[in-house]
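Encoded as structure tokens, the structure appears first; notes follow it.
The values are calculated or read from the model by the stated rules, or taken from the named source; none is laboratory data. Note that the coordinates shown come from a computational prediction; the quantities given were computed from them, not determined experimentally. Every residue, glycine as well, gets a Cβ built from its backbone with ideal geometry; the counts of neighbours run over all protein chains shown.
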Amino acid sequence: MLEVDVLTIFPELFAAFLETAFVGQARRAGRARIAAHDLRGWATDRHRSVDDSPYGGGPGMVMTPEPLVPAIEALAGPKGVGRRARVVHLSPQGRRLDQAGLARLAGEPALVLVCSRYEGVDQRVIDLAVDEEVSIGDYVLSGGELPAMVLIEGMVRLLPGVLGNPESIETESFRGGALLEGPHYTRPPIYRGLEVPEVLRSGDHAAIEAWRRQQAQDRTRVRRPDLLEGAGSSVSDRRPDRSSPPSGADARAADPDDSGE
Ligand SMILES: C[S@@+](CC[C@H](N)C(=O)[O-])C[C@H]1O[C@@H](n2cnc3c(N)ncnc32)[C@H](O)[C@@H]1O
């Protein structure tokens, strides 16, 4: 079971997200427990403040150690051995998230995701209470809430039994860091003059598999050659075996009403 507590000054941002699609399903099925907590609930002053102006001057505000550190400790316990949950601060300065990172975090017994705002948090919050910092990419957003949702959605879809067809995970981009997935098609067979490749309608599963593998390699070479670096001649071997009868994308093509991914 995935256990996630989110600390934020905007818990309302999570309301619809936590009820919808795979995240909502996983929670209702008891595969995930995810809760968004209002950081201001730990504030002790009359104004329920969470930020103050920076020492040394400069633009913007900084999130103060109080109430952040006590809030984190209430959810995860004190930093160190025996802590109940791994504490992740979403930050553009963190380690950049990738599929392997998602899988690693999804394997943690419990997580506390700290969403900051303004210029970020007082460094002592990181030093005293945070286990790692994670970035969702080299750009700056105004808060950690969307990055936390990115993390949650990415982890939830890795949980056993969440995706209708587990092969979706096995075959999609970045599995093993090797290849992007190739193009997908569904009905109609011709749309505005553009035709679905003949091979996909041939019923020849070996040919379909070979075509998909080639498309994945071509697409990766053009769009993300960095993924192929170091992959050597075994790149295609990194794709899962899809020579079995139609399922996954094949099955979806056969049934375009399937609302799965
Ligand atoms: C405006 S940003 C702070 C940027 C910070 N002053 C800096 O230059 O690194 C406010 C908050 O949004 C969140 N955030 C913004 N971009 C992010 C990213 N790419 N990945 C993860 N969190 C991000 C973080 O929680 C961050 O503390």
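Return the only residue of Glu73, Glu119 being in contact with a strand residue (DSSP E or B) (Cβ under 7 Å, 6 or more places away or on another chain) and farther than 26 Å from Ala21 by Cβ. Only one candidate passes the filter, namely Glu119.
Within region 67-112, the set of residues being closer than 30 Å to Leu227 by Cβ and among the acidic types (Asp, Glu) comprises Asp98, Glu108. One residue alone among Glu108, Glu3 is within 17 Å of the chain's Cα centre (by Cα), assigned to a loop (DSSP other than H, G, I, E, B) and not β-branched (Val, Ile, Thr), and that residue is Glu108. Looking across region 120-139, the residues that are within 7 Å of the ligand (Cβ to nearest atom) and buried (at least 16 other Cβ atoms within 10 Å of the Cβ) come down to Gly120, Val121, Val134, Ser135, Ile136. Residues to consider are Arg40, Arg117, Arg83, Arg31; find the one that is surrounded by 15 or more Cβ atoms within 10 Å (Cβ to Cβ), touching a Gly at 6+ places or on another chain (Cβ under 8 Å), farther than 30 Å from Pro160 by Cβ and among the basic types (Lys, Arg). None of the others qualify; the one that does is Arg117.
Please enumerate the residues belonging to region 30-64 that are aromatic (Phe, Trp, Tyr) and under 20 Å from Asp5 (Cβ atoms).
Correct list: Trp42 only.
On the basis of being closer than 27 Å to Ala32 by Cα and more than 16 Å from the ligand (Cβ to nearest atom), does Thr171 make the cut? Judged against the criteria, Thr171 is a match.
Scanning region 14-50 for residues that are in contact (Cβ under 8 Å) with a residue 60 or more places away in the chain and either farther than 22 Å from Leu146 by Cα or outside the structural domain of Ser116 (by TED's automatic domain parsing) (or both) yields a count of 1.
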